[in-house]
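Below you'll find the structure, written out as structure tokens, and then a few comments.
The values are calculated or read from the model by the stated rules, or taken from the named source; none is laboratory data. Please read all numbers here as calculations on a predicted model, not as lab measurements. Quick reminder, even Gly has a Cβ in these numbers, built from the backbone with ideal geometry, and neighbours come from all protein chains shown. The protein model used for the area step is the full one, side chains on, heavy atoms only, and it has no ligands, DNA or RNA in it. Shrake-Rupley method; radii C 1.70, N 1.55, O 1.52, S 1.80 Å.
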Amino acid sequence: MATTTPSRRDVLRLSAAAAVAATLTACSSAGKSGGPSASGGRSGRPAVGKGSLTKPPKVPSRLKEAPSLARRVRAGDLPPLAERLPEQPYVVPHRWLSPGKYGGGLLLVGTSTEDGSNKEFMYGHSLLRWLNDGLDIGPGLVHSWEPNADSTEWTLHFRKGLRWSDGRPWTTADIMYWWEDLVLDKEHPEVPPDDVRSGTDTLAKFTAPDDHTLVLTFDAPAPVLPERLAAWVNRGNGATWMQPKHYVSRFHPKYNKAITSKAWFNTHDDLANWATNPACPTMTGWRLASYREGRAVTFERNPYYWCVAPDGCQLPYLDTLTFTTVVDPQVRKLQVTEGKVDYCHGPFVGIGLPDVSSLKQSSKRSGMQVHLWNSGSGTGTLFFFNYDYPDEKLRTLIRKPAFRQALSHAYDREEVRKSVYFNTGEKTTGTTHPTAYEYIVDETGRNTYARWRDSYLTYDPEKAKSMLDELGVVDRDGDGKRELPDGSRLKITLDYPADTDRTNIVKNDVIKKNWRAVGIDTELNPVPPTTFGERWEAGRLMSYTTWEVSDTPLIYPAPVVPVPPAHWAPLHAQGFALQTADPGKLKAQAHEDPWKRQPPWLLAEPDSPIDRLWKLYRKGRVETDRMKQVRLLWEIYKVHIEEGPFLMGCVADAPQVTVVHKDLRNVPARESLAAGGWVNAWTHPTPAVYDPETFYWTNPDQHS
């Protein structure tokens, strides 16, 4: 997945590493929790006071509301609480919660008024919800769900009495509108999400027997549907899944004959954006109150929010959230250290480990305290070659496992761990999410993780040189630089968007130095950000150096299995998609140059690593037995262990920084979380999964 930080602060000099590392240790009384040997969720219940209940708590007998809403009820401009909540409200199940106080607002800082990270604070549109750092799944808008015997049909039962933020009823018609009138409408550009694709990559059939029931019918088993429904922030950074039909249908030509523009969907989608249009209804804890483009966004309490705290209080406790836009990362940091921000999730605004020392030093003045949550990253900032590079001689070399393994042994990850991650996390060749279920389930899982993490990890320049010599990658002309086996020039470019954060550049500098030391001509290559993605998907760039991996393949396969083109085999990924999306194009373009096809594509050679990864992935998507599914994941990882590294990571599970005002409560500490956190993956939306609606001020009058 992409690194969740839009930009990070410049990394401090190497000489400061020891001091910062000592400060990091002091920030958490528990040290690093979780890890591949941790238990929780499906493999064991967290300790009392830690993690979240997996069985939905009972709805409290007495429900309460914010005083400001109670006044509106008495004034007659708002229905009573019982009429605003569903019959069975969602009760937040986290064990770390304490009863809160109503009132006050939260001041936050952002990089843009349209930044997607603003939506990462609200989980209200999600059908199901992650619990215990992704080890469990709980209800959301859906209160119960069940598959048929072979998981080809799923029935979702929604809470009765749900209401949009304008008070209008929420029903399955709002999902059917999204599906039938947007996704399936040929004029509307929305692409069907993976959530509703079967193991054969065909779309599910949607039926809504009544206002509260949705049935999804697949042509093959879809056992991973619950995980996909819990992932992302729906109607935000993930699949849309619903739109308030009563509001947005007026902008659709099917329902409004006055609309004649062929580009009607532009206006429709702009007005359907609940994070920029205050008139658009939402199901989140806060609804948009004001939007000042480029300056600030303010959300206010949603009187119809369908979630309550364990003490029966309708959430949220806080009156407002205000995101102020600050473009300059130095100014953002300054605002935090001066106490002008109440809560700051570091990955969103470029605050990270290099800033911990200054944040601690200013804490007495600012009132801000540092929380460290485990990132859940299996790689840290990584490097991967373009497996589909157009130059045949170089592509042939890149595809040789021994070449990639030699370069991995030539990479001093310990230097990156010191200079970028301040001796936190653990060195790794690069894996998936370290505390994923398939690793912690048993000893075989733990061993699989360790084997992958440690494969080709040892920094051994002499071994790297010997391996390169055996490949015929030697210095033939005595200039100190190795050539390709045929004697032609070998040069590796470390490609990255020119606006990337300093973390990636520092890592790239280390790789450049290390690889030059074993005779590989290596150069940094900043690419205009506006063209980077297009050039990568066309297969024209040699490497990608700004990504990281935090997901598991059956939820988001791309970094491990070449499916979407944003990762290490872009042409193969597009070929994979065309096999089901447009097989006729494969046949028609079979004899064309793969890099001149539109889009460029390749198919996997029989029994090649990609061929085996595709086959295992397809099997995993339809396997209904949990342990058989896990074993298929182990087989996927075995391909990476034995024929990789396809991904070159450096440090796994280094902590991420969140800065919290000392008077703000119900923000979990790392030791309160089942696995210490899983912060970096946008498929596990943080802080939304920890329910910011439960945050409250000990002194709300001082934070109004």
- Among (1) surrounded by 14 or more Cβ atoms within 10 Å (Cβ to Cβ); (2) in a loop (DSSP other than H, G, I, E, B); (3) not basic (Lys, Arg) - the single one Ser261 does not satisfy: (1)
- Message: Suppose the filter is open to solvent by 60 Å² or more (accessible area, probe 1.4 Å), over 30 Å from the mean Cα position of the chain (by Cα) and of a type in the set (Lys, Arg); does Lys55 pass it?
- Response: no
- Taking the stated definitions as given, is Asp701 at positive phi and either open to solvent by 30 Å² or more (accessible area, probe 1.4 Å) or in contact (Cβ under 8 Å) with a residue 24 or more places away in the chain (or both)? no
- Before we move on, is Pro599 closer than 28 Å to Ala406 by Cβ and open to solvent by less than 50 Å² (accessible area, probe 1.4 Å)? no
- Before we move on, is Glu643 in contact (Cβ under 8 Å) with a residue 60 or more places away in the chain, open to solvent by 20 Å² or more (accessible area, probe 1.4 Å) and not aromatic (Phe, Trp, Tyr)? yes
- Task: Kindly provide the set of residues from the stretch 180-238 that are among the polar types (S, T, N, Q) and either within 20 Å of the chain's Cα centre (by Cα) or within 19 Å of Pro139 (Cβ to Cβ) (or both), ordered by number.
- Result: Thr213, Asn234, Asn237
- If only one of Leu554, Leu603, Leu613 is touching a residue at least 12 places away in the same chain (Cβ under 8 Å) and not in a loop (DSSP other than H, G, I, E, B), which one is it? Leu613
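Which residue out of Lys619, Lys585, Lys638 is surrounded by fewer than 18 Cβ atoms within 10 Å (Cβ to Cβ) and under 18 Å from His433 (Cβ atoms)?
Lys638
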- Message: As an exercise: evaluate Pro192 against (1) at pLDDT below 95; (2) of a type outside the set (S, T, N, Q); (3) open to solvent by 40 Å² or more (accessible area, probe 1.4 Å) and give the number of the one condition it does not meet.
- Response: (3)
- Message: For the stretch 89-108, which positions are in a loop (DSSP other than H, G, I, E, B), over 29 Å from Val142 (Cβ atoms) and open to solvent by 40 Å² or more (accessible area, probe 1.4 Å)?
- Response: Lys101
- Task: Among the residues of the stretch 124-177, count how many are open to solvent by less than 20 Å² (accessible area, probe 1.4 Å) and not charged (D, E, K, R).
- Result: 27
- Message: If the requirement is being under 26 Å from Gly116 (Cβ atoms), among the hydrophobic types (A, V, I, L, M, F, W, C), in contact with a Leu (Cβ under 9 Å, 6 or more places away or on another chain) and modelled with pLDDT of 95 or more, which of these qualifies: Ala230, Ala208?
- Response: Ala230
- Message: Please pick out the residue among Thr435, Thr458 that is of a type in the set (S, T, N, Q), farther than 15 Å from His640 by Cα, open to solvent by 70 Å² or more (accessible area, probe 1.4 Å) and outside any helix (DSSP H, G or I).
- Response: Thr458
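For (1) surrounded by 16 or more Cβ atoms within 10 Å (Cβ to Cβ); (2) of a type in the set (A, V, I, L, M); (3) in a strand (DSSP E or B), each residue gets a yes or a no:
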site	(1), (2), (3)
Pro209	no, no, yes
Asp219	no, no, no
Asn234	yes, no, no
Trp274	yes, no, no
Cys280	yes, no, no
- Do we have Val527 as among the aliphatic types (A, V, I, L, M), open to solvent by less than 30 Å² (accessible area, probe 1.4 Å), at pLDDT 95 or above and closer than 25 Å to Gly478 by Cα here? no
